[in-house]
Amino acid sequence: MSKSAWIVGGVLLATLGADLAWAQAPSPSGGIYTCVDRNGRRLTADRPIAECLDREQRELGPSGIVRRQIGPSLTEQERAAQEAQRRKEAEARARELEERRRERALTARYPDKAAHDVERAAAIQLVDDVTATAEKRLVELTQQRKAFDVEMEFYKKDPSKAPMSLRRKIAENEESIAEQQRFIAGQDQEKRRVHQRFDVELAQLRKLWEAQRMPLPGATPASDAAAPAATR
C-alpha cells in the first residue's frame, strides 16, 4: 500500500472512531435524540443514535422543541469519495495558481509585442547560424568528394583496383554529406517549430495585454476624471 493510501486510511479510521465516540456520548444538555432508521423504525435515545449515523437525527429539548438537526454522518466510502474530491479540487486550485504565476511571468518578460518580436528574431537567428555552419561543412565535404573523384579517375576502367583507403574515404565522405543534409533539413523543421511556438505564445499574450488594459470594476476612466477639471 502506498504512503498516501495509508494516510487516507488513517484519516478515515480516525473519523469513523470520532463518529462512534460521538454516538456513544449522552447529550450534555439533557436533550432527546430521535430519528427514523433504515428499516423505518423511529428511535429515540438520550445520546446520538448509532443506527442513524447515515441519516438525519433531531435533538429535542425537554419541551419537545427541535433544538438542532444533526447529520447524516458520512459512511466510510462517502468519506473516501469526499477526500478524493477535496484532493482533486486542491490540485485544480494549484494548477490555476501556477497558471496565473506563469502568465504574470510571461507579461513581465514581454510587456509588448516589440519585446516578443525581438526574442522571436533572436531564436530564429540562432537556428540560422547553426544552419549556416552545417551548410559550410557541407560545402567542404562536397569539395573533398571532388578531390576523391579526381583520384578515382586513375581507376576509371576498373574501380575495384582503387586502394581500400581511398574507397573508405569516399564512403565516409558520402555518409557525412548525407548526415549534414539531414541535419539541415531538420533545422528547417526547427525553424517552423520556433515560429509556431512564438505564434501560440503571442496569441496568449494578446489576451493578457488586453486584460491589463481593461479598467478595474468601479474604476473611473481617466478621461472622465479629467473632464470636470477641464470645465473649470
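The values are calculated or read from the model by the stated rules, or taken from the named source; none is laboratory data. The structure displayed is predicted, hence computed values, not measured ones. Here the Cβ positions follow ideal geometry from the backbone for every residue, glycine too, while neighbour counts run over all protein chains shown.
Does Leu106 satisfy the condition of being of a type in the set (A, V, I, L, M, F, W, C) and in a loop (DSSP other than H, G, I, E, B)? Here the answer is no, as Leu106 does not meet what is asked. Of the residues examined, Asp129 is not one that is out of contact with any strand residue (DSSP E or B) (no Cβ under 6 Å at 6 or more places or on another chain), farther than 30 Å from Phe198 by Cβ and loosely packed, with under 13 Cβ neighbours inside 10 Å.
To keep it simple, each residue is scored yes or no on (1) β-branched (Val, Ile, Thr); (2) in contact with a Gly (Cβ under 9 Å, 6 or more places away or on another chain); (3) surrounded by 10 or more Cβ atoms within 10 Å (Cβ to Cβ).
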site	(1), (2), (3)
Gly64	no, no, no
Glu83	no, no, yes
Arg86	no, no, yes
Val118	yes, no, yes
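Restricting attention to the stretch 144-160, does a residue exist that is more than 30 Å from Leu205 (Cβ to Cβ), surrounded by 11 or more Cβ atoms within 10 Å (Cβ to Cβ) and of a type in the set (S, T, N, Q)? Checked against the condition, which is being more than 30 Å from Leu205 (Cβ to Cβ), surrounded by 11 or more Cβ atoms within 10 Å (Cβ to Cβ) and of a type in the set (S, T, N, Q), the stretch 144-160 yields at least one hit.
Every residue, every condition in (1) within 30 Å of Ala211 (Cβ to Cβ); (2) outside the structural domain of Arg206 (by TED's automatic domain parsing); (3) of a type outside the set (A, V, I, L, M, F, W, C); (4) touching a residue at least 60 places away in the same chain (Cβ under 8 Å), yes or no:
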{"residue": "Tyr33", "(1), (2), (3), (4)": "no, yes, yes, no"}
{"residue": "Arg38", "(1), (2), (3), (4)": "no, yes, yes, no"}
{"residue": "Cys52", "(1), (2), (3), (4)": "no, yes, no, no"}
{"residue": "Glu98", "(1), (2), (3), (4)": "yes, yes, yes, no"}
{"residue": "Glu103", "(1), (2), (3), (4)": "yes, yes, yes, yes"}
